[in-house]
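**Student:** Next up is a structure, given as structure tokens.
The values are calculated or read from the model by the stated rules, or taken from the named source; none is laboratory data. Since the structure is predicted, the reported quantities are computational estimates derived from the model, not experimental observations. Backbone-built Cβ (ideal geometry, glycine too); neighbour counts: all protein chains shown.
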Amino acid sequence: MAMESVKESGYRKNFSLIVAFIGLISVLFVLSLFLAFNFSKKKIEGDFISAKTNVLEESIKPYNDFFSNKLPEISYYNGFLDSATAAKFVDTILLKYPFVKKVVFFDAEVRNMRYEDNGLNVGEFSVGMKNAYQFGTYIPEDSVKIFGPNAVQSNATLESFNELALKLYTFVNKLDTARTPTQEELFNIFSNIKHNRIDYFNIPRFEDLKIYKQMITKKLPSEPVYQQDMLSFELDPMKIKIKNNRPLLYQSVRIEPITYDPLETSSEYETGEITLGGPFSAYKLYFISAKSFIKKEIFGYFFPIAALILIFYGLLLLVAFLIYRNLNINHKMFKLQYDFLTNLTHEFKTPVSVIKIAGNNIKSAASISEREQKLYGKILDEEADKLNGLMNKLLAFTQIENKAIKLNEDRVDMVEFIESTIDVHQLKHPDFKLTYEVTDFTHFITDPVLLGSLFDNLAENAYKYSPPNRKQLHITARLIKDKVVLRFKDAGIGIPASEINNIFKKFYRIQNQYNQAGSVGLGLAFCKELVNFMKGEISVRSVVDKGTEFKIVLPFNQ
Amino acid sequence: MIAVKKYVWLLLVVALLACNRDAQVREIPVNDFFKTQDRALYRLSPNGKYLSYLTLKDKKQHLVVEDLEKGSITEISKLEERNINFYCWVSNDELIYYKEKEGSRFQTDLYIVNKNGTQERVLSNDGKSKVRLLEDQLIEDKFLLVSSNKRDSTVFDVYKLNVRDGQMIVAAKNPGNFTDWLTDSKGKLRMAISTDGVNESVWYRENEARPFQKIITNNFKTTLWPVAFSENKPNTIYAISNVNRDKNALVEIDCITGKEKNVLFAEDTLNVVEAQYSKRRGKMDFVVYETWKKEKHYLSDDAKKLYQGLEKLIPDAESKIIHQDKNEQHFIVRTFTDRSPGAYYLYNSGSNSLKKLSDINPSIKEDEMCEMKPISYITNDGFKINGYLTLPLGVQPENLPVVVMPHNGPGQRNSWGFNADVQFLANRGYAVLQVNYRGSTGYGKEFYAAGFKQWGQKIQQDVDAGVHWLIKQKIADPQRVAIYGYGFGGLIAINSAVNNNKLYKCAGSSTGILNLFSYLKAIPPFLTSNLQMYYEIVGNPDKDAEYMRQASPVFHADKINIPVFITQNSKDPRINGNDAVQFVKELKKLNLPVTYMEKEDSKSPLNREEARKKSYAALELFLQGNLKKR
């Protein structure tokens, strides 16, 4: 009883530990889900603010490309652009950059002679246009030329020319001829970024600029005329292609005037804005998303994290279960070994107490008769044999289990071998009926000692687990397909189907009337180890109250 | 002496070969290729007894006079500045020279000095005008013919400079566009050349009292170079001309009518590039025609005897008379070969002996240099293209990495001779291909004109055809061909990267032209006639804008997909530095491998050497990275 309570308390301790563990990780699980959700929410809300720059950058890329690659190309022509070349150049621009609405090309000159109504005259320095053309998708053929001979009358403003011409003059006037201006300076001077418009003069060489400077103060005798090209690009910000690279975040992105701020935006919506730069600075990108739309994105972000946490939680649970299971098995093993120890002690106790009684009787008897002496001698001899047998069995089993013995193979005559086994058992148990049958072969090579152990164990079992009137065993040996097949069929009590899987386990015994004492539950486990060691297989078939048949298959070696 | 030297060399070479057949070719430091001599401007005194030259000591240039008989050396001057425009003998005892003023490019002061270094005095120190020497020979024992812009800074008139008192007397007024003058054997100024940038005119007067009359006008495609007045025929001049011919010939021209009178040397296949007239003999000595190499054709037996005597002493080399004494007995001779930048020699025709004065570049060892061999091939449209192939030493001429070096232009050519760039590349293991693509000079008018407005087109095809030819010869490894050039050569190279990037592994341009519009822009707009000439050669931006756009690499950065090497002097006032910078920026934006270097003009030779080392090292690395690994 005491033993039982110790076991019970150990069991309970493990269980509570595991429950505590599961409780703890469950709390952690819920907590991390909560944190993950909060994180997702913060992240998406933050993204709504920060990803605007990204959208802006992507959308404005064609403009930047136009500004930093296409504009300087005008300078490559060094003032040599004419209407035909300019038209071709502009065509590629209109095609590639839809936000360019219209381009006005001023074919201009720098000279010492005044321009009356079409240029800028300061001192001797004059910048004027020869011709001006406009190019655009919806400009009819006959109204391309807007200034110069044969030009159509047009309302198109030419003032952008004067603006930039003045800028050019101011720069030339202040030009420090000792120092080459940097490309950046030049670019700033020769371009003019206005509301929805960019004007660009081709950048002359430094040498030419020096001559321009001379031309301010005096008429040069060579009467030079320098060609300058100015292109004025009219831009339409509404034609900028918006690249919403976060369509799940921003429900809608639009270009709106910088002052756009609708009152009716309800609390159902999240909005944001970012100003377009350069000539588009009067416009902004306007971002708007419904709150529910953002929520969807939050969940979209949260679910993968939650799934990960769940998987991790599941893994932890699995580990906990496996640990619990192993603990349980170990516990059962412990119990089996405990039982075995009890049985073994019991097993040893009987012969020892018999020897003790016999010893006491001999010691306390005044004289011993010859009959008594023979009796005690026989008792002592038998009990000592029993002890010896027990110890041998235990030793052999441990050895086999640890693979400490070697196979000692020899040629075995099957008929002779079985007959001698039968003789031994019938001598021991005169009521034991043993029959045998050997077919197809007579000899094979195996370890005779191990084989003897097998036969002894199985014959012992057959005798032990049979009711007194049915103590019989039929042994057959056959050669089937290069295998020796041995069958041991008895008419015993049989093994219940539920136990059949356990009978080969160590220290396992079926609880019944036949094995109250004198059995350690090692027999069949020992048999299985032996057969394994001999590279064979053992199996069992049984019907309760009808009998059991063990089948051993061993390799046939000639 | 020379024979012994040769024998020693031969022994050495044989010994070297025996020791190590596959001897690794020594990698010669970059600057060794470009070193210049520390002696320059050799001159002889009129009587041939004294030799003078400039020599560099402690970075200062000294004028030295050597007594050829006694061998004594006198240092005449200690010049602070390295650059002197010129000096010359004005008598057997006196020399004049210009000192250049620091900080100003042209202003010079004229001095006269005794040959023993005494009595130096200033002849003129007009700070504003420039003076150039027309003839380094005294007229009437006291006058030198010079041109100067002292009357009008944009126009050079001809003056008689009195070397005794520095007085200048006007000999001929320049109406504005005269660029060249010619005197007869008595020193009378009788011929002038004028140009309007495209057309060249020859003007003549019978004597100095008369005004100049225009006798011939030629387009820039035609050559007419007066050489000398005929001694015995009146109103007759010898000239190198290709008027009504494809190739240059030596002819006599009647100065009254301007018509060709007589032909001295003309061959349909040979192009005359030089002609030598002897004042002493009063005859034409020889003409020089250039095929793959310059050859002489003698026109007088005396000259033949004289020059063949000289040539026997320096076989295989090209030679040129730099200066001579009055009696044409002592000569200063400059020689060179493809494998040597050459040397200065003093030749005595009386004793037929040669004395070496100095090497042009003593760092160059001839046996380490590579031979420059003529090649030619026919293009698909039937043009014969001539060129040169320089193979690296010590390797089999098979499957070699090749650098194609198209020459600069327009109106230039590759000639046989020492080329430091080519030798540098060959020393680094590359075969170097140079081709005289159409538009190159020296192959006749037709060939020259065939290259007009063909940049990026036929010219490009000519260069490519050369590479295909070299691949067919199995000399070039088709996987390892690079193209690299200066100026217009750079234009061709970068255009190759734009158009035909399968043929070339990489392309390099050194201060190359990247934009034809910018090239034309460099010509001031008031030089209208000059502009017209360039419009014809390069392209007319009004009519050929599309072609010029196509032939200018700046417009096509997006079509390049091979590594590109570009150097540029962005401070150079003559170019639009923006072009290259913008071009490189675009290439970088397109993630193309581009090596860009900015060159700087440096006054100090030490910095210049350093800069050169840097840029050539970068080129070497660029080529190695793209050609050496397979």
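**Student:** Being in contact with an Asp or Glu (Cβ under 9 Å, 6 or more places away or on another chain), acidic (Asp, Glu), assigned to a loop (DSSP other than H, G, I, E, B) and surrounded by 17 or more Cβ atoms within 10 Å (Cβ to Cβ), is that true of even one residue in the stretch B:309-326?
**Tutor:** Among the residues of the stretch B:309-326, not one is in contact with an Asp or Glu (Cβ under 9 Å, 6 or more places away or on another chain), acidic (Asp, Glu), assigned to a loop (DSSP other than H, G, I, E, B) and surrounded by 17 or more Cβ atoms within 10 Å (Cβ to Cβ), which makes the answer no.
**Student:** Restricting the search to the stretch B:123-158, which residues are under 19 Å from B:Ile193 (Cβ atoms), in contact (Cβ under 8 Å) with a residue 40 or more places away in the chain and surrounded by 17 or more Cβ atoms within 10 Å (Cβ to Cβ)?
**Tutor:** Once the filter is applied, which keeps residues that are under 19 Å from B:Ile193 (Cβ atoms), in contact (Cβ under 8 Å) with a residue 40 or more places away in the chain and surrounded by 17 or more Cβ atoms within 10 Å (Cβ to Cβ), the stretch B:123-158 yields B:Leu133, B:Leu134, B:Leu145.
**Student:** Here are the criteria: (1) modelled with pLDDT of 85 or more; (2) assigned to a loop (DSSP other than H, G, I, E, B); (3) farther than 17 Å from B:His330 by Cβ. Tell me which single one B:Gly48 does not satisfy.
**Tutor:** In the conditions (1) modelled with pLDDT of 85 or more; (2) assigned to a loop (DSSP other than H, G, I, E, B); (3) farther than 17 Å from B:His330 by Cβ, B:Gly48 misses (3) alone.
**Student:** Checking the structure you have, find out if any residue of the stretch A:124-133 is within 14 Å of another protein chain (Cβ to nearest Cβ) and either β-branched (Val, Ile, Thr) or over 24 Å from A:Tyr63 (Cα atoms) (or both). I'd like the intermediate steps shown before the answer.
**Tutor:** Let us first name the residues in the stretch A:124-133 that are within 14 Å of another protein chain (Cβ to nearest Cβ), namely A:130-131.
Narrowing the set further to residues that are either β-branched (Val, Ile, Thr) or over 24 Å from A:Tyr63 (Cα atoms) (or both) leaves A:130-131.
Within the stretch A:124-133, one or more residues are within 14 Å of another protein chain (Cβ to nearest Cβ) and either β-branched (Val, Ile, Thr) or over 24 Å from A:Tyr63 (Cα atoms) (or both).
**Student:** Considering only residues that are within 23 Å of A:Lys241 (Cα to Cα) and among the β-branched types (Val, Ile, Thr), look in the stretch A:270-323 and name the one that is surrounded by the most Cβ atoms within 10 Å (Cβ to Cβ).
**Tutor:** A:Ile288
**Student:** What pairs come up if the first residue lies in the stretch A:213-241 and is free of Cβ contacts under 8 Å to residues at least 60 places away in the same chain, the second is buried (at least 20 other Cβ atoms within 10 Å of the Cβ) and among the hydrophobic types (A, V, I, L, M, F, W, C), and their beta carbons are under 7 Å apart, counting only those six or more places apart or on different chains?
**Tutor:** Correct list of pairs: A:Lys213/A:Val172.
**Student:** Of the residues that make up the stretch B:310-318, is at least one out of contact with any Gly (no Cβ under 9 Å at 6 or more places or on another chain), on the phi > 0 side of the Ramachandran plot and at pLDDT 90 or above?
**Tutor:** no
**Student:** With the checklist (1) more than 14 Å from chain B (Cβ to nearest Cβ); (2) touching a Lys or Arg at 6+ places or on another chain (Cβ under 9 Å) in hand, flag the one item A:Thr180 doesn't pass.
**Tutor:** (1)
**Student:** Now for a different question. Of everything in the stretch B:178-206 that's polar (S, T, N, Q) and modelled with pLDDT of 85 or more, which residue is surrounded by the fewest Cβ atoms within 10 Å (Cβ to Cβ)?
**Tutor:** Looking at the filtered set, the residue picked out is B:Thr179.
**Student:** Mind checking which residues of the stretch B:250-276 are over 21 Å from the mean Cα position of the chain (by Cα) and not in a loop (DSSP other than H, G, I, E, B)?
**Tutor:** Just the residues of the stretch B:250-276 that are over 21 Å from the mean Cα position of the chain (by Cα), to begin with: B:250-269.
Correct list: B:Leu250, B:Val251, B:Glu252, B:Ile253, B:Asp254, B:Glu260, B:Lys261, B:Asn262, B:Val263, B:Leu264, B:Phe265.
**Student:** On the basis of being within 13 Å of chain B (Cβ to nearest Cβ) and modelled with pLDDT of 90 or more, does A:Asp229 make the cut? So that I can check it myself, show each step before the final result.
**Tutor:** Details: within 13 Å of chain B (Cβ to nearest Cβ): yes; modelled with pLDDT of 90 or more: yes.
Yes: the conditions hold for A:Asp229.
**Student:** B:Phe229: within 19 Å of B:Glu206 (Cβ to Cβ) and in contact with a strand residue (DSSP E or B) (Cβ under 6 Å, 6 or more places away or on another chain), yes or no? Let's see the steps before the verdict.
**Tutor:** Values: within 19 Å of B:Glu206 (Cβ to Cβ): yes; in contact with a strand residue (DSSP E or B) (Cβ under 6 Å, 6 or more places away or on another chain): yes.
Considered against the rule, which asks whether it is within 19 Å of B:Glu206 (Cβ to Cβ) and in contact with a strand residue (DSSP E or B) (Cβ under 6 Å, 6 or more places away or on another chain), B:Phe229 comes out as yes.
**Student:** While we're here: Among the listed residues A:Lys101, A:Lys52, A:Lys41, identify the single one that is assigned to a strand (DSSP E or B), touching a residue at least 40 places away in the same chain (Cβ under 8 Å) and away from every other protein chain (no Cβ under 14 Å).
**Tutor:** Unique residue meeting the criteria: A:Lys101.
**Student:** For the stretch B:142-194, give me each residue that is in contact with a Ser or Thr (Cβ under 8 Å, 6 or more places away or on another chain), of a type in the set (D, E, K, R) and farther than 24 Å from B:Asn219 by Cα.
**Tutor:** Residues satisfying the conditions are B:Lys150, B:Asp157.
**Student:** Another one. Against the condition touching a Lys or Arg at 6+ places or on another chain (Cβ under 6 Å) and either within 28 Å of B:Glu546 (Cβ to Cβ) or β-branched (Val, Ile, Thr) (or both), how does A:Asp107 come out, does it pass? Give the derivation first.
**Tutor:** Working: touching a Lys or Arg at 6+ places or on another chain (Cβ under 6 Å): yes; either within 28 Å of B:Glu546 (Cβ to Cβ) or β-branched (Val, Ile, Thr) (or both): yes.
So A:Asp107 fits the description; yes.
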